[in-house]
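Read the structure below first, then the notes.
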Amino acid sequence: MRSTAAVLFVAAASSEALAQDKPPYVNADGTGTNDLQAAMQSWRDDPEFQSNWGLKAMHADGVYALGFTGKGIRIGVFDSGIRSSHQEFGDGRLNLIDVKGFSTDGKQFAMSGEYNPEINDDHGTAMTGLVVASRNNKEMHGVAFDSPFYVANTGGTDALEQGSNNPALDFNFFKSTFDALGEKNVRMVNESWGSGSAIPSENRTGSISDLVFASRNFWKLRTGGAKTWLDATVDGVRQHGFVQVVSNGNNSKSANPDLFASQPFLNPDVETKWLAVTGYDETGSQVYHKCGVAKWWCIMGPSGMTSTTTDGKYMDNANGTSASSPNISGALALVMNRYPYMSNEEAVTTLLTTAQNKIADPDRKVPEHGVKTYDILTAVKNSNDRVPNELGGWGLPDLQKAMAGPGQFFGHFAAGLPKGMSDTWANDISDEAITARKEDDVKEQATLRRLLQKGQRENGETFTEDDKKHLKELIDLREKAMLTRGKDPATGKTYVGSLEKLGDGHLVLAGKNTYGGSTWVRGGNLSVDGSITSTVTVDGSGIGEEVEYYTPQGDKRTEQGTIGGTIGGTGTIGGLIAKAGGTVEPGSVAQPIGTLKVGNVGVRFEKGSTYAVAANSLGASDRIETTGTATLNGGTVEVHPQAEGGRLYLPETRYQILTAVRGVNGQFDKTTSDLAFLDPSLDHRTHDVGLTLTRNDVALASTAATANETAVAVALENAFPLTPSLTSHGKSTLAGEPQTDATPNPAPAVPVAEALPAAPLDLLPLAILNLSKGSAGYAWAPLSGEVHATVKGALTGESSYARDAVTERLRAAFDGAGASSVPVMAYGPDGVEPASAATDRFAVWGEAYGAWETADGDGNAAGYHRSAGGFLVGGDVSAGDWRLGLAGGYGHSSYEVDARAASAEADNYTLALYSGARIEALSLNFGAAHSWHSIDTRRGVVFPGFADSVTASYDARTAQVFGEAGYELSYGFARFEPFANLAHVHLKTDGYREEDKNGAGLTSSSSSSDVTYTTLGLHHGSDFDLGGTAIKARGTLGWRHAFGDVVPHATHAFAGGQNFTIIGTPVAKDAAIVQAGLDFHLAANASLAVSYEGQIASSVQEHGVTAKLGVRF
């Protein structure tokens, strides 16, 4: 089972590319698209892209279309300065490196990265443009046109001599420069400068003998205590870890690069952070210094294209390996942008091992000299060779292929993906190159030893003692490097490709991988959805190990691993060893329940290891299949409580979780499960291991925490036998004999509704049985239908809207203390006209209301939010000392029970009769009302392994009688009226049957409840004048007590089950009643009344407003 999400390699590890609201591919104009081929074509058609033919040759269009542009990858350039005012460098990415200090002879130096016409030429500006020139609709753009770049100045021109005797190349100056670049955390330094040495022997590098002796002057100076600029260059790599990208030199007759590019031959420890670059001509030819002994770190770079100049314009032909090197620096930045979790060495490996291998093509005719490249051309053609050659090294970058992961492991490869990062490598990864490297190293060592033994160079020159010492030191250095080259940390073998997975992230291998070393999963997830021929070892040794990665801004971060290793997938591996802390978990994102196949090496589980198993209701389970032997020296089978996609275990079904053609030896130590109601058990047979889950004696109700939850759990226990099993069709059923063995093949990944039986009662009991110990208690409340009981209590409370409105009207009709004085409509001699609220004529009145209530839960039932609004209109007439009236209205209420994912709405229609009288200071008001409610409810029933949407529609009726008596007292302009109010409310609810999809629907019979309210309080009213406006202030304070059925309940049953009773949110037993209002006599013919009405209790707060406007015409 696999629950970690992986992403396709085209978008992995890039937060921008992963944005779900954007199309996955990017056109040249910056717009998004879902068509990769169209996006790539848009780049190939783009004029800026076309200015560098090498972009198409390196397949950069496929990288840009994926959204990788070098953003955040910090690139260093060390050359003859840069003209910062050029329009290609004006977008804020340029950073000039200023270096100050003292040279080895004590002279002070100060050098800016800015171009200085007195000492520099335009070489640095041109080479920088090839790497990073802006994409600005001008002449051209660089390969990594979004990368921030840091430019340092050599203090000379491209003709600066690279000899050991050049005083301008000071060790301190170079070291200070590399230190400054290193402090900026550049990932690479592009070096294309220089023209060779004034000492002829230092330029001769065509053979191993020449190369060694070209370096002897530098060696003598270093061992004599006087380090040179070359030492500073190498030391910069050692100290700061950046990659040196160095041009080979511009002599096509040389079989090896110049001394600068060949440094890893002399200093093997820096090889993994060094790139030597030979030239590739537009005719499809190799040009300039060949790769030779540097072939293992050498690559071809395009040469001869448009670039920037110091006069602010452009040159047509930036050429030489000077131009090849910046093209490779830009290409490396794109690879780094794609893989933020790769180290510099790993990014170099990925660039090299995915390159287009090129070999000489003697049958193809090309000009002797290039048009834009000025030296002898060697025609080349594509080759399927996976070993670099002396002509062009690894070949020409194939950046589109590099987006799919490494092509080879050139030794040990540590993939450290941090938490939350996932990636897929789709390339077929091998290790032919590192295997071939051993023979090459042995031959080169033999050549060096023969030279030492012979005691003279190939030209007959006799070795000095220093020469012998130099040569012996080199042999020892290289011998030491051979002892660890391509070393597999898991086995100790050398010259093999191996993979180590670290960090909490997830890596998927989707290709056909044939590397010969081990695969060691120490932390996080490695899924093999393709194949690997090596044996996989999985353990927990990666916990606490740090992994490094880069932020989109280019900052390096570290993160410690917190989980052990997990191997999964649906592919094939050579062998499997699960050690303590390691987990085997078959399955993939596309196929959560799957089979991991293992070759003849077989499977071995050790004590402390884990086999994580998931299954589904179609009878399929995770499985390990090996053509070898399964050796079980212990380990735990961990049964996952819920499989991906809601697939569930079938009780009493034997799942075959491991098969071994050559037999099963030993046993797992135990099986564990977080399942609350099922116990797993294993049976070990000769060639397989089976898993069966059976119902335990844990009562459902034992996991309930409240009375409501207990009622639901008990009802479910009684409603269903809870022993679903497989029928002959592979579907769950509530009856029948259990099937002995589950379906032997994994089921396809299909939606729950398709994978599970359609019968609604099947899924619910199955999901309940599969609840985990931690989640079991969360299932009961969503199943309870509590919203129905809560709505009953709320409707009872809403009965106050009608009785308060008609009582207020009666009080206004007799000008009671604190009653509203807004006019009503009355019949007079001239027909209908506004009249005083206290008119003795027939009067028509109206009131609109709105209310909002929040009720807290009581630990059993959940709280809810309610909003209500509506209006009432009525008419009344005098009958002696009494006033008789009739009122009606409409209201709408909404209820949200968020904690239960439930809601309801009610349309309410009300009819009321009322009567009142004023006998001196005594007021008597009575009424009766009947309301009809049309209710719609919705419930989302969701818990692990189960989801349902449940609805119901039904009716209810509220009948009430009420009365109020008050006695008015007057003190000056203030009037008070103590009062007592009594109301009795009867609610009758019809029965209902909820509509569901998966069996969570409930049925209920009709029910009724009665609540009586008593209220004692004080009405108050005062008249005063404010700025010429007559104002009446009125208010009410009271205490309301409720008794009777104040705890609403609903009696439910699951289909075919017994009744159970659920309690809703209680009606407040005691509450403070607050009313405050103002009547404004705005003009002779206009009045406005605004009131606040509230009910405040310890667990309930209701706030409402009413408004009345009276206008005479």
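Every condition in (1) modelled with pLDDT of 90 or more; (2) closer than 17 Å to Val1074 by Cβ; (3) surrounded by 14 or more Cβ atoms within 10 Å (Cβ to Cβ) holds for His1020 except the one numbered (1). Candidates Met315, Met336, Met305: the one that is surrounded by fewer than 24 Cβ atoms within 10 Å (Cβ to Cβ), within 20 Å of Asp146 (Cβ to Cβ), in the same structural domain as Pro117 (by the TED database) and of a type in the set (A, V, I, L, M, F, W, C) is Met305.
If you check Ala60 against the conditions, is it small (Gly, Ala, Ser), without any contact (Cβ under 8 Å) to a residue 60 or more places away in the chain and either buried (at least 20 other Cβ atoms within 10 Å of the Cβ) or assigned by the TED database to the domain that holds Pro340 (or both)? Here the answer is no, as Ala60 does not meet what is asked. When Gly113, Gly76 are checked against the criterion of being surrounded by 24 or more Cβ atoms within 10 Å (Cβ to Cβ) and out of contact with any Phe, Trp or Tyr (no Cβ under 6 Å at 6 or more places or on another chain), Gly113 stands alone in meeting it.
The listed residues are Leu1018, Leu1037, Leu987, and the only one of them that is over 30 Å from Thr1061 (Cβ atoms), assigned to a strand (DSSP E or B) and under 56 Å from the mean Cα position of the chain (by Cα) turns out to be Leu1037. For the stretch 597-611, a residue qualifies if it is under 19 Å from Gly666 (Cβ atoms) and not hydroxyl-bearing (Ser, Thr, Tyr), and the qualifying residues are Val598, Asn600, Val601, Gly602, Val603, Arg604, Phe605, Glu606, Lys607, Gly608. When the stretch 945-988 is filtered for residues that are charged (D, E, K, R) and within 28 Å of Ser1009 (Cα to Cα), the ones remaining, listed by number, are Asp955, Arg957, Glu964, Lys988. Scanning for something out of contact with any helix residue (DSSP H, G or I) (no Cβ under 7 Å at 6 or more places or on another chain), surrounded by fewer than 22 Cβ atoms within 10 Å (Cβ to Cβ) and among the hydroxyl-bearing types (Ser, Thr, Tyr), does the stretch 82-91 turn up at least one residue? Yes, there is a match, as at least one residue in the stretch 82-91 is out of contact with any helix residue (DSSP H, G or I) (no Cβ under 7 Å at 6 or more places or on another chain), surrounded by fewer than 22 Cβ atoms within 10 Å (Cβ to Cβ) and among the hydroxyl-bearing types (Ser, Thr, Tyr). Is it the case that the stretch 519-532 has a residue that's out of contact with any helix residue (DSSP H, G or I) (no Cβ under 9 Å at 6 or more places or on another chain), in a loop (DSSP other than H, G, I, E, B) and at positive phi? No, because not a single residue in the stretch 519-532 is out of contact with any helix residue (DSSP H, G or I) (no Cβ under 9 Å at 6 or more places or on another chain), in a loop (DSSP other than H, G, I, E, B) and at positive phi. Every listed requirement among (1) modelled with pLDDT of 95 or more; (2) touching a Pro at 6+ places or on another chain (Cβ under 6 Å); (3) over 25 Å from Met315 (Cβ atoms) is met by Asp98 save one, (2). Of everything in the stretch 420-450 that is surrounded by fewer than 21 Cβ atoms within 10 Å (Cβ to Cβ) and hydrophobic (A, V, I, L, M, F, W, C), the residue that is farthest from Trp297 (Cα to Cα) is Ala426.
Does the stretch 536-551 contain at least one residue that is buried (at least 21 other Cβ atoms within 10 Å of the Cβ), more than 30 Å from Ser147 (Cα to Cα) and aliphatic (A, V, I, L, M)? Yes, the stretch 536-551 contains a residue that is buried (at least 21 other Cβ atoms within 10 Å of the Cβ), more than 30 Å from Ser147 (Cα to Cα) and aliphatic (A, V, I, L, M). Any chance the stretch 452-467 includes a residue that's surrounded by fewer than 19 Cβ atoms within 10 Å (Cβ to Cβ), more than 35 Å from the chain's Cα centre (by Cα), outside the structural domain of Thr350 (by the TED database) and hydroxyl-bearing (Ser, Thr, Tyr)? For the stretch 452-467, residues surrounded by fewer than 19 Cβ atoms within 10 Å (Cβ to Cβ), more than 35 Å from the chain's Cα centre (by Cα), outside the structural domain of Thr350 (by the TED database) and hydroxyl-bearing (Ser, Thr, Tyr): present. For first residues located in the stretch 358-377 and in the same structural domain as Trp53 (by the TED database), partners that are small (Gly, Ala, Ser) and modelled with pLDDT under 80 and lie 6+ apart or on another chain with Cβ distances below 6 Å form the pairs Leu377/Gly370. Residue pairs whose Cβ atoms lie under 8 Å apart, sitting 6 or more positions apart in sequence or on different chains, and linking a residue in the stretch 911-926 that is not assigned by the TED database to the domain that holds Gly875 to a partner that is buried (at least 19 other Cβ atoms within 10 Å of the Cβ), do not occur here. Output the number of the condition that Arg654 fails; it satisfies all remaining conditions of (1) over 24 Å from Gly777 (Cα atoms); (2) surrounded by 22 or more Cβ atoms within 10 Å (Cβ to Cβ); (3) among the charged types (D, E, K, R). Exception for Arg654: condition (2).
Among the numbered conditions (1) free of Cβ contacts under 8 Å to residues at least 24 places away in the same chain; (2) surrounded by fewer than 14 Cβ atoms within 10 Å (Cβ to Cβ); (3) farther than 30 Å from Pro418 by Cα, the only one that Thr484 does not meet is (3). Put simply, of Gly225, Gly194 the only residue that is assigned to a loop (DSSP other than H, G, I, E, B), among the small types (Gly, Ala, Ser) and crowded, with 24+ Cβ neighbours inside 10 Å is Gly194.
Scanning the stretch 11-48 for residues that are buried (at least 20 other Cβ atoms within 10 Å of the Cβ), under 28 Å from Gly505 (Cα atoms) and either in contact with a Lys or Arg (Cβ under 6 Å, 6 or more places away or on another chain) or at pLDDT 50 or above (or both) turns up Pro24, Tyr25, Val26. Test of understanding: among Thr205, Thr177, which residue is within 30 Å of Glu458 (Cα to Cα), buried (at least 22 other Cβ atoms within 10 Å of the Cβ) and polar (S, T, N, Q)? Result of the check over Thr205, Thr177: Thr205.
Residues that are touching an Asp or Glu at 6+ places or on another chain (Cβ under 9 Å), buried (at least 21 other Cβ atoms within 10 Å of the Cβ) and farther than 21 Å from Phe178 by Cα within the stretch 211-222 comprise Val212, Phe213, Ala214, Ser215, listed in sequence order.
Pairing residues of the stretch 614-638 that are farther than 21 Å from Gly602 by Cα with residues that are basic (Lys, Arg) and crowded, with 24+ Cβ neighbours inside 10 Å, at Cβ distances under 6 Å and at least 6 apart in sequence or on separate chains, gives Asn616/Arg647. Criterion first (surrounded by 15 or more Cβ atoms within 10 Å (Cβ to Cβ), among the acidic types (Asp, Glu) and assigned to a strand (DSSP E or B)) does Asp948 satisfy it? Yes, satisfied. Screening Asp622 with (1) closer than 20 Å to Lys512 by Cα; (2) in contact with a Gly (Cβ under 9 Å, 6 or more places away or on another chain) gives one miss only, at (1). In the stretch 889-910, the residue that is farthest from Leu987 (Cα to Cα) out of those that are out of contact with any helix residue (DSSP H, G or I) (no Cβ under 9 Å at 6 or more places or on another chain) and in a strand (DSSP E or B) is Glu896.
Checked against the criterion of being of a type in the set (Lys, Arg) and surrounded by fewer than 19 Cβ atoms within 10 Å (Cβ to Cβ), the stretch 966-977 has no qualifying residue. One residue stands out among those in the stretch 22-60 that are of a type in the set (A, V, I, L, M) and in a loop (DSSP other than H, G, I, E, B): the one that is farthest from Leu351 (Cα to Cα), which is Ala28.
When the stretch 602-618 is limited to residues that are assigned to a loop (DSSP other than H, G, I, E, B) and either buried (at least 23 other Cβ atoms within 10 Å of the Cβ) or polar (S, T, N, Q) (or both), the one that is modelled with the highest pLDDT turns out to be Ser609.
The values are calculated or read from the model by the stated rules, or taken from the named source; none is laboratory data. Just so it is clear, the structure is predicted and the values come from calculations on it, not from any experiment. Please note: Cβ atoms are built from the backbone with ideal geometry, for glycine as well, and neighbour counts cover all protein chains shown.
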